[in-house]
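Colleague: Take this structure first; my questions come after.
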Amino acid sequence: MARVLIDMLPADDVDAARTEAARVSDTRAAAFHDAERLLGRATARRLEWEREVAWDIFLVYGPSAAWTEDDIPAPDEWFHQLDDGESTRPPGEDEGESSTSDSTAVGHSGADPARFRTGEDLLHALADAIRAAAEDAE
């Protein structure tokens, strides 16, 4: 299992990523910091969120998922926690503009509302998706 912490809000930086990563004590859960939003952008492309960054999302991959230099694999299942008050566009980046400046992410998320999960709903959805991916591998 891996967690990727992506700088999207003004307070997001390597120190915040370290603090967040330390919240999970399971040694099987590797944590990575994506300050440049590279994986976030690749994931957004894979999920067809053009010109945006996927963040606050959960991707489930089965054991047959193949990661290549060219692209990331399509997840078997995915969920997000972005509501209409959060954007999948990086702070300071408007349509047709690219910037890495820090400002609060606002606007419509653009993420599929049917995949929105939080709290217990998210935990159950993830458990079901992981179980299904494991069963497909058998």
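Colleague: Under 9 Å by Cβ, and 6 or more places apart or on different chains, what pairs join a residue from region 126-138 that is touching a residue at least 40 places away in the same chain (Cβ under 8 Å) with one that is part of a helix (DSSP H, G or I) and of a type outside the set (A, V, I, L, M)?
Modeller: Between residues of region 126-138 that are touching a residue at least 40 places away in the same chain (Cβ under 8 Å) and residues that are part of a helix (DSSP H, G or I) and of a type outside the set (A, V, I, L, M), there is no close pair.
Colleague: Here's something else I'd like to know. Of the residues that sit in region 101-128 and are within 20 Å of residue 37 (Cβ to Cβ) and either in contact with a strand residue (DSSP E or B) (Cβ under 7 Å, 6 or more places away or on another chain) or of a type in the set (A, V, I, L, M, F, W, C) (or both), which one is modelled with the lowest pLDDT?
Modeller: Residue satisfying both the conditions and the ranking: 106.
Colleague: Give the residues of region 67-83 that are out of contact with any Asp or Glu (no Cβ under 7 Å at 6 or more places or on another chain) and at pLDDT below 90, sorted by residue number.
Modeller: 67, 68, 69, 70, 71, 83
Colleague: Go through region 17-88 and tell me which strands (runs of 3 or more DSSP E), entirely inside it, have 3 or more residues that are crowded, with 17+ Cβ neighbours inside 10 Å and either of a type in the set (A, V, I, L, M) or in contact with a His (Cβ under 9 Å, 6 or more places away or on another chain) (or both).
Modeller: Here the list reads 57-60.
Colleague: Looking at the structure I just gave you, is residue 62 in contact with a helix residue (DSSP H, G or I) (Cβ under 7 Å, 6 or more places away or on another chain) and modelled with pLDDT of 85 or more?
Modeller: The answer is yes for residue 62.
Colleague: Separate question: List every residue pair whose Cβ atoms lie under 6 Å apart, where the two residues are 6 or more positions apart in sequence or sit on different chains, the first residue falls within region 49-77 and is on the phi < 0 side of the Ramachandran plot, and the second residue, located anywhere, is assigned to a strand (DSSP E or B) and among the acidic types (Asp, Glu).
Modeller: Once the first residue is on the phi < 0 side of the Ramachandran plot and sits in region 49-77, its partners that are assigned to a strand (DSSP E or B) and among the acidic types (Asp, Glu) give 60/77.
Colleague: Consider residue 7 carefully, then state whether it is among the charged types (D, E, K, R) and either within 28 Å of residue 127 (Cβ to Cβ) or surrounded by fewer than 15 Cβ atoms within 10 Å (Cβ to Cβ) (or both).
Modeller: Considered against the rule, which asks whether it is among the charged types (D, E, K, R) and either within 28 Å of residue 127 (Cβ to Cβ) or surrounded by fewer than 15 Cβ atoms within 10 Å (Cβ to Cβ) (or both), residue 7 comes out as no.
The values are calculated or read from the model by the stated rules, or taken from the named source; none is laboratory data. Treat the numbers as computed from the prediction; the structure is a model and nothing was measured. Please note: Cβ atoms are built from the backbone with ideal geometry, for glycine as well, and neighbour counts cover all protein chains shown.
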